[in-house]
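These notes concern the structure reproduced below.
The values are calculated or read from the model by the stated rules, or taken from the named source; none is laboratory data. This is a predicted model, so every value here is computed, not measured. Counting neighbours? That spans all protein chains shown, and the Cβs are built from the backbone with ideal geometry, glycine included. Ligands, DNA and RNA are stripped out before the accessible areas are found, and what is left, the full protein with its side chains, is counted by its heavy atoms. Shrake-Rupley method; radii C 1.70, N 1.55, O 1.52, S 1.80 Å.
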Amino acid sequence: MNTLDQIAASLPGYQPQNLSVGTASAFLAALATPVSDVETVGIFDALDRVLAQDIISPISVPPHDNSAMDGYAFNSSGLPDSAPVVLQVVGSVLAGQAWQGALQAGQCLKIMTGAALPAGLDTVVPFEAVTLQGEHISFTPLRPGANRRRAGEDLLQGQAALRQGDRLTPAALGLLASLGLATVPVLRRLRVAYFSTGDEILSLGDAPRAGAVFDSNRYTVTGLLRQLGVEVLDLGVVRDDPAELQAALRSAAQQADAILTSGGMSAGDADHTRSMLGALGEVVFWQLAIKPGRPMAVARMAADLQAKTGSGADSTIASSYTNNSKPPAVLFGMPGNPVAVMVVFLALVRPALLQMMGCNAASSAAAPLLQARSVQAIRKRPGRTEYLRGIVEPAADGSLWVRLTGHQGSGMLSSMVQANGLLVLAEAQGDVAEGDTVNVMGLGA
Ligand code: AMP
Ligand code: MG
């Protein structure tokens, strides 16, 4: 396992001050080790779980050639070229039935959508395309093979239907069911512990007091975590007190694969999280080239972590991991401001957690950014990535336009609620002029 220093040394241009979002992402990608324990779950319980192995299709889907329409099935070879074609209807076949028998030249069968095409029949003319006269139909000739679904056109037996690391979406669950699979091997859920820090932070139910605010980060962060389908360990609010922080970190490191915290990352007086982390584990502190959300810490904490206060934390920490049965937990120390914590989560923590969950590149890729034209001019200083809360709306001609929600203070959650997207203004970008096209990260589920 590489130490944090080794990871840093492998990244060209890495420096903890003014660290670009791209380099920070690369650092976290190098740190994020996927879970490997496998469990088998019923497919009803498998939504958002991550596949532990490729799923090879045991059957072809559909299993037989079948009709795509309600209509009449016939053999297209040997039909007269003359129009219209006239055929005698000699029977019918419903979905779920296997019609046995043989047709003579000039005969056809009434057939329903999804019914297996009897041997030798290759074409279906829909009801609405025929004229019925007694037991005969007549219709304009159509292409051989029309309205036929081929066996295996969805999936061929022996083909990989899904890949290891795919995250199971509703469509993937349906696909598994179409293969007749009732259970599926998945990776165990990632366990993520979260706590808020700060003497001024009240838990819901606490009596309000001057200078204090209710903990909102705990709800935004656990909500974001639940959307990932991870197991959330809620460790509540921890005061800016070294002993409490130590106890919370120790408990989190024993139980969790990842530890998320908010607050206490800036250089202020009461920022014990910072000093505590340095004393307990391997840690890097970053000033990100990002707005909002500059301060962040990333650490690795052994499950049996011992306070090294006084004696000095050092490189022995990394080598001691090999003696533990549980791998060290990765800690993401996020900023305290309510919008900053969400931005840092979405931009940096979420991709790392998806990788730790075992997602492959395709299933951990962020949704593509939208392109929208800015309703207004926006001041932007080159040199940092900025995330601005915006509302994207289509104009009458269908083109997308985006306007800012108003004040962009990093504590203003109300504007995060109003926003349906985050404008992502790249590091190198300068001012945006009215009508310029900008990238927007959707904030939908
Ligand atoms: P800090 O990073 O700890 O200095 O916090 C920055 C700002 O975010 C301060 O105004 C805090 O009161 C606020 N803050 C920190 N944690 C939370 C939280 N869990 N819920 C709401 N506001 C918070
Ligand atoms: Mg604080």
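A few comments on the model shown:
- Index of the failed condition, residue 417 passing every other in (1) open to solvent by less than 70 Å² (accessible area, probe 1.4 Å); (2) under 27 Å from residue 227 (Cα atoms); (3) among the β-branched types (Val, Ile, Thr); (4) out of contact with any helix residue (DSSP H, G or I) (no Cβ under 8 Å at 6 or more places or on another chain): (1)
- Looking at 347, 366, 372, just one residue is within 16 Å of residue 442 (Cβ to Cβ), surrounded by 12 or more Cβ atoms within 10 Å (Cβ to Cβ), of a type in the set (Gly, Ala, Ser) and modelled with pLDDT under 95, and that residue is 366.
- Among the residues listed as 226, 209, the single one being loosely packed, with under 15 Cβ neighbours inside 10 Å and under 16 Å from residue 256 (Cα atoms): 226
- Evaluation of residue 241 against (1) at pLDDT below 95; (2) touching a Ser or Thr at 6+ places or on another chain (Cβ under 9 Å) (one fails), failing number: (2)
- Scope the range 176-189; condition within 30 Å of residue 249 (Cα to Cα) and either within 16 Å of ligand 2 (Cβ to nearest atom) or surrounded by 19 or more Cβ atoms within 10 Å (Cβ to Cβ) (or both); matching residues: 186, 187, 189
- Hits in the range 127-150 (condition: in a loop (DSSP other than H, G, I, E, B), aliphatic (A, V, I, L, M) and at pLDDT 95 or above): 130, 146
- Restricting attention to the range 39-75, the residues that are touching a Gly at 6+ places or on another chain (Cβ under 6 Å) and either open to solvent by 70 Å² or more (accessible area, probe 1.4 Å) or in a loop (DSSP other than H, G, I, E, B) (or both) total 3.
- Residue 113 in contact with a strand residue (DSSP E or B) (Cβ under 8 Å, 6 or more places away or on another chain), free of Cβ contacts under 8 Å to residues at least 60 places away in the same chain and not assigned by TED's automatic domain parsing to the domain that holds residue 386: yes
- All told, residue 11 falls short of being outside the structural domain of residue 383 (by TED's automatic domain parsing) and either open to solvent by 80 Å² or more (accessible area, probe 1.4 Å) or touching a residue at least 60 places away in the same chain (Cβ under 8 Å) (or both).
- Some residue of the range 61-73 being hydrophobic (A, V, I, L, M, F, W, C), at pLDDT below 95 and touching a helix residue (DSSP H, G or I) at 6+ places or on another chain (Cβ under 6 Å): yes
- Filter result for residue 134 (surrounded by fewer than 13 Cβ atoms within 10 Å (Cβ to Cβ), under 19 Å from residue 78 (Cβ atoms) and not basic (Lys, Arg)): no
- Selection status of residue 283, open to solvent by 20 Å² or more (accessible area, probe 1.4 Å), within 24 Å of the chain's Cα centre (by Cα) and away from ligand 1 (no atom under 14 Å from the Cβ): no
- Only one of the listed residues (390, 383, 406) is open to solvent by 30 Å² or more (accessible area, probe 1.4 Å), under 30 Å from residue 202 (Cα atoms) and outside any helix (DSSP H, G or I). That residue is 406.
- Residue in the range 221-231 that is within 25 Å of residue 330 (Cβ to Cβ), in contact with a helix residue (DSSP H, G or I) (Cβ under 7 Å, 6 or more places away or on another chain), within 15 Å of ligand 1 (Cβ to nearest atom) and in the same structural domain as residue 259 (by TED's automatic domain parsing) present: yes
- For residue 124, the test of being in contact with a Gly (Cβ under 9 Å, 6 or more places away or on another chain), buried (at least 18 other Cβ atoms within 10 Å of the Cβ) and at pLDDT 95 or above is passed.
- Counted residues, the range 246-280 - those being within 12 Å of ligand 1 (Cβ to nearest atom) and either assigned to a helix (DSSP H, G or I) or acidic (Asp, Glu) (or both): 5
- Residue ID - surrounded by the fewest Cβ atoms within 10 Å (Cβ to Cβ), chosen from residues in the range 190-203 that are within 11 Å of ligand 1 (Cβ to nearest atom) and hydrophobic (A, V, I, L, M, F, W, C): 202
- Within the range 189-201, residues that are outside any strand (DSSP E or B) sit with their Cβ atoms under 7 Å from residues that are open to solvent by less than 10 Å² (accessible area, probe 1.4 Å) and within 16 Å of ligand 2 (Cβ to nearest atom), at 6+ positions apart or across chains, in these pairs: 198/263.
- Among the residues making up the range 244-280, those that are at pLDDT 90 or above, within 16 Å of ligand 2 (Cβ to nearest atom) and open to solvent by less than 10 Å² (accessible area, probe 1.4 Å) are 245, 249, 260, 261, 262, 263.
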